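Take a look at the structure below.
The values are calculated or read from the model by the stated rules, or taken from the named source; none is laboratory data. Predicted model only: the values in this text are computed from it and were never measured. Every residue, glycine as well, gets a Cβ built from its backbone with ideal geometry; the counts of neighbours run over all protein chains shown.
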Amino acid sequence: MGNPPSFFKSPQEVKNALGKNQYIANEEIATIMFLSQQLGKPLLTEGPAGVGKTELAKAIAAATNRDLIRLQCYEGLDETKALYEWEYAKQLLYTQLLRDKLQETLGTSRDLGEAADRIAAEEDVFFSMRFLLQRPLLKAILSERPTVLLIDEIDRADAEFEAFLLEVLSDFQVSVPELGTLSAVHIPLVVLTSNNTRELSEALKRRCLYLFIGYPTIDQELAVVRLKVPDLSPKLAKQAVEIVHSLRKVDLRKAPSISETLDWAKALVSLNVKNLNNETLETTLSVLLKHESDLQRARRILKRSSKDLLIDEDDPRARGWSN
Amino acid sequence: MEERIVRFISALRAGGVRVSLAESADAMLAIDQMGIKNRDAFRLCLKSTLIKNASDMPIFDELFPLFFGTSTIPPFLNISNDLTPDEARSIAEALRQFKEQLRDMLERLLKGDQLQPGELDQLSEMIGLNQTNDFRLQELMAQRMEKALKFREVQEAIQELMDLLAEMGINRERIDQMTKLMRANQQSLREQIRQYTSNRIAENMSESRPEEGLNGLFERPFNALSDKDLDRLRKEVQRLASSLRTRIALRQKKAKSGQLDAKATIRANLKHGSVPIDIRHKDRTLKPRLIIFCDISTSMRPCSELMLSLIYSMQDQINKTHAFAFIDHLEFITPDLNNKDIRGAVATVLRRMPPGHYNTDLGLSLENFFDQFLDKLDNRSTLIVVGDGRNNYNDPRLDIFGNLSHRSRRTVWLNPEPPTLWGSGDSDMLRYAPYCDSILQVSNLAELTTAVDRLLS
């Protein structure tokens, strides 16, 4: 078991590397990411949907030049889907195909005892890595190259799976009864994400570093939009981001997140929108909001305040956005 | 430094954050890595290792500056130094007009003396700050301290003093200047008091013992609980619900029936040369499904908050939960409980259905359910009714209840009243009873624990 290669020497380096991979990290994200690498502890990120939790894992994989192995969690996920499984069909097929060979091996044996011994000697053939179907967790552990293991939406998996994960995450080894214990070649960088649809167990939380990613500030979000959608004019980008921020203040069923801002920005570019007036808002708002009731509500609010929303910077609401 | 961190952690614990030993060790490790020179990095080290719940962040943000802050009190200005002898004499004369305590305060403001540690300690003793270890009381304590220092009276006294000085013939401009400076000094004192109280409370928190056990709480009836008890009960209920989950999981493993699980069967029978001796079944079908009716009418109000907390926790653990609340009609509350923290969720429900003078009507509520939500109930569901069965002489609709009970796997009634009261007055409990598989009395946590345990057996 080797130590994970430390690619970063300071949080600043993390930040720069992430920046190069189109991920704008703030001090907090960079520092905690760095700590996670230094301490070899999994990083648990929580926050609203679409603020870039999964993206962070992808960016860090790209930045460290590691392979990204992703395990998407869902209800009913179990070890056979997450860790490993024997390929029974293949095993059966091989026994069929190798029947002649087996006959040959057994044919010369004088009694049953000897035949059994010979079979036992060949047992390893069928329980070898050849027939082991590696699922994401095992793949991350056995990988020759250092990896980033992304366990996405852990809150969707069952509690029992969480408990099982604890074992893997604390020792980075897996025991396969037929093969023995398999230890990690490189300890992977583990990122877990959760949307907090249910409480995770204390035990799991205890083993992780915790990072809460919330909605970004106007400036940060503007930077993200400018980076990811460079074709949008700066003025329009600013307006768009401001509208999104004002919508987040409203009590909606699903507040628009960064990913939706980006979708919207892309939509504005492809529609070749020159300025944000009521008409364009009306037609493109559905990119931003995904519930009919939210849409109606947002339309009402935007219509009411569209003038001061876009022009009057001294509006008390406008000032509220900047914090 | 380490000692300071340890104190900080115990203050966090007193603030209700659960910090384990392993986590505090992690914090130390993280700090070893990052050093303590950069205050921001240091803060992030502690934050990422100690705080694992978004809801605990505010208390962290509040406590951190108190323990590792560079608290600076705004400067006090000495006015008396640059007074002309004439002015000094006038002031001294004018001051004689005031009572002793006010005079002291005015002089303090003129000289720009801040409160000495000894004085502060004395004050804190006086107003009971030494026993306070709750942050919510910080503002109150600061106000008490200001009152003890007669802040409001001093405010008026400053004006009076200036009027006197004006009479004595000191020019207006000078007086305005002095007023301003004295006010500034008073503001600085206020700031000093705020900082002292919060520091003091933080210290108290770090020294307070971890919460005493739940002894007694278990047996105390729900309607005789204080806010703090409720808080702890809520935590206990949450723990109860999560221990439930593991128990459910165990039961699921034991109770396997239903569809054949081909993969598992092949795997299990490899040792028999693929002769299927040991048949494996899928266990998905046995996942618990709950339909909960919770009475939150006036008669149930004392315990409805706790019951809703329990429902919230159950829903958190068991995916297929449909929760309803009723007073005179039925409301589907599962969406309210989703995606919110427990306190907010319970408050939302209670706000949406305020107690009033309308009639409790389980009969009508059952009818609502029958008309709108019947598809949620099937033979895998457990039907749970939380209520006292006091129906205000309305039609209990036993026919519907019987029907629902017949359709569900089990019907359980949780009633806070003792059996002797069932059937008395407007209670329809005895009439509902024949349709229930079990009726459990839950008037305190001990009973609730057993009830929950029985619920999933």
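One table, with the values for the structure above:
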read-out	value
Any hit, the range B:18-41, residues being over 21 Å from A:P11 (Cβ atoms), without any contact (Cβ under 8 Å) to a residue 12 or more places away in the chain, at the interface with chain A (Cβ under 10 Å from one of its Cβ atoms) and among the hydroxyl-bearing types (S, T, Y)	yes
Flag if A:L39 is within 16 Å of B:L44 (Cβ to Cβ), within 13 Å of chain B (Cβ to nearest Cβ), at pLDDT 90 or above and out of contact with any Phe, Trp or Tyr (no Cβ under 7 Å at 6 or more places or on another chain)	no
A:S194 vs. criteria within 13 Å of chain B (Cβ to nearest Cβ), under 26 Å from B:S55 (Cβ atoms) and more than 18 Å from the chain's Cα centre (by Cα)	no
Residue check, A:D251 assigned to a loop (DSSP other than H, G, I, E, B), surrounded by fewer than 19 Cβ atoms within 10 Å (Cβ to Cβ) and modelled with pLDDT under 80	yes
Unmet requirement for A:G50, which otherwise passes all of (1) on the phi > 0 side of the Ramachandran plot; (2) among the small types (G, A, S); (3) at pLDDT 90 or above	(3)
Residue list for the range B:43-60, restricted to those being at the interface with another protein chain (Cβ under 10 Å from one of its Cβ atoms) and either under 24 Å from A:Q12 (Cβ atoms) or surrounded by 17 or more Cβ atoms within 10 Å (Cβ to Cβ) (or both)	B:R43, B:L44, B:C45, B:K47, B:S48, B:T49, B:L50, B:I51, B:K52, B:N53, B:D56
Qualifying residue in the range A:92-106 (condition: more than 26 Å from A:F164 (Cα to Cα) and touching a residue at least 24 places away in the same chain (Cβ under 8 Å))	yes
Those helices (runs of 4 or more DSSP H) lying entirely in the range A:270-323 with at least 3 residues modelled with pLDDT of 80 or more	A:278-288, A:292-310
Any pair with Cβ under 7 angstrom, 6 or more apart, that starts in the range B:146-158 at a residue that is assigned by TED's automatic domain parsing to the domain that holds B:E125 and ends at one that is among the polar types (S, T, N, Q) and part of a helix (DSSP H, G or I)	B:K150/B:Q101; B:V154/B:Q186; B:I158/B:T179
Filter result (within 14 Å of chain B (Cβ to nearest Cβ) and either in contact with a Phe, Trp or Tyr (Cβ under 6 Å, 6 or more places away or on another chain) or surrounded by 14 or more Cβ atoms within 10 Å (Cβ to Cβ) (or both)) within the range A:58-77	A:C73, A:L77
Filter result for B:L189 (away from every other protein chain (no Cβ under 14 Å), at pLDDT 80 or above and surrounded by fewer than 17 Cβ atoms within 10 Å (Cβ to Cβ))	no
Residue in the range B:65-74 that is facing chain A (nearest Cβ under 10 Å) and either in contact (Cβ under 8 Å) with a residue 24 or more places away in the chain or of a type in the set (S, T, Y) (or both) present	no
Of all residues making up the range B:110-126, the number that are under 21 Å from B:A11 (Cβ atoms) and either among the aliphatic types (A, V, I, L, M) or touching a residue at least 24 places away in the same chain (Cβ under 8 Å) (or both)	2
Counted residues, the range B:418-434 - those being crowded, with 17+ Cβ neighbours inside 10 Å and either modelled with pLDDT under 85 or part of a helix (DSSP H, G or I) (or both)	2
Hits in the range A:85-137 - residues which are within 12 Å of chain B (Cβ to nearest Cβ) and in contact with a strand residue (DSSP E or B) (Cβ under 8 Å, 6 or more places away or on another chain)	A:E85, A:W86, A:E87, A:F127, A:F131, A:L133
Residue within the range B:78-95 that is under 43 Å from the mean Cα position of the chain (by Cα) and within 30 Å of B:E167 (Cβ to Cβ) present	no
Answer from B:A157, B:A142 - the residue that is in contact with a Lys or Arg (Cβ under 7 Å, 6 or more places away or on another chain), surrounded by 18 or more Cβ atoms within 10 Å (Cβ to Cβ) and over 17 Å from B:L77 (Cα atoms)	B:A142
Qualifying position, being closer than 29 Å to A:V148 by Cα and hydroxyl-bearing (S, T, Y), among A:Y94, A:Y84	A:Y84
Test: residue in the range B:84-93 that is touching a helix residue (DSSP H, G or I) at 6+ places or on another chain (Cβ under 6 Å), in the same structural domain as B:A142 (by TED's automatic domain parsing), farther than 11 Å from B:N185 by Cβ and of a type in the set (D, E, K, R)	no
Sole residue being outside any loop (DSSP other than H, G, I, E, B) and away from every other protein chain (no Cβ under 14 Å), chosen from A:T31, A:T54	A:T54
Residue that is of a type in the set (A, V, I, L, M) and within 13 Å of B:D295 (Cα to Cα), where the choices are B:L398, B:L330, B:L404, B:L430	B:L330
Flag for A:V168 being at negative phi and over 20 Å from the mean Cα position of the chain (by Cα)	no
Failed item in (1) under 26 Å from the mean Cα position of the chain (by Cα); (2) modelled with pLDDT under 90, with B:N38 passing the rest	(1)
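Here's the yes/no breakdown for (1) part of a strand (DSSP E or B); (2) away from every other protein chain (no Cβ under 14 Å); (3) in contact (Cβ under 8 Å) with a residue 60 or more places away in the chain:
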site: B:M307; (1), (2), (3): no, yes, yes
site: B:Y312; (1), (2), (3): no, no, no
site: B:N319; (1), (2), (3): no, no, no
site: B:F324; (1), (2), (3): yes, yes, no
site: B:D328; (1), (2), (3): no, yes, no
site: B:P355; (1), (2), (3): no, yes, no
site: B:T360; (1), (2), (3): no, yes, yes
site: B:L383; (1), (2), (3): yes, yes, yes
